[in-house]
Amino acid sequence: MLIVTANNLEGHRIVRYHGVVSGEAILGANLFRDVFAGIRDLVGGRSGAYEKVLRDAKKTALDDMAEEARRQGANAVIAVDLDYETIQVSGSMLMVSASGTAVTIE
């Protein structure tokens, strides 16, 4: 599955637009407390462990989006946008969402 932020794919022809697809990953506040509690590599204001959690969440959101595109018969997703949002439910949570347009290319 080809996933790009561009609106078109040079060298490929889009033969069908399937529509908008998305994927989300939501991380609870307790997860962040656990991550921060275990951080031993905090240097210069960066946390490798925290960044890994965010990378994993981004990968989950992209994988979910790609799976939705596959179910629709697409072989690529274009115009992908990633968003990171804080949501308040009964505590603070972080949501990583990925959305784009599922297409068939040749």
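The values are calculated or read from the model by the stated rules, or taken from the named source; none is laboratory data. Only a predicted model underlies this, so the values are computations on that prediction, with no experimental measurement involved. Neighbour counts run over all protein chains shown; Cβ positions are idealised from the backbone, glycine included.
So the values come out like this:
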read-out: Region 40-51, subset in contact with a helix residue (DSSP H, G or I) (Cβ under 7 Å, 6 or more places away or on another chain) and surrounded by 13 or more Cβ atoms within 10 Å (Cβ to Cβ), residue modelled with the lowest pLDDT; value: A49
read-out: Residue that is surrounded by the most Cβ atoms within 10 Å (Cβ to Cβ), among those in region 86-106 that are more than 20 Å from the chain's Cα centre (by Cα) and hydrophobic (A, V, I, L, M, F, W, C); value: I105
read-out: Residue list for region 52-106, filter: of a type in the set (G, A, S), over 16 Å from A6 (Cα atoms), at pLDDT 90 or above and part of a strand (DSSP E or B); value: S97
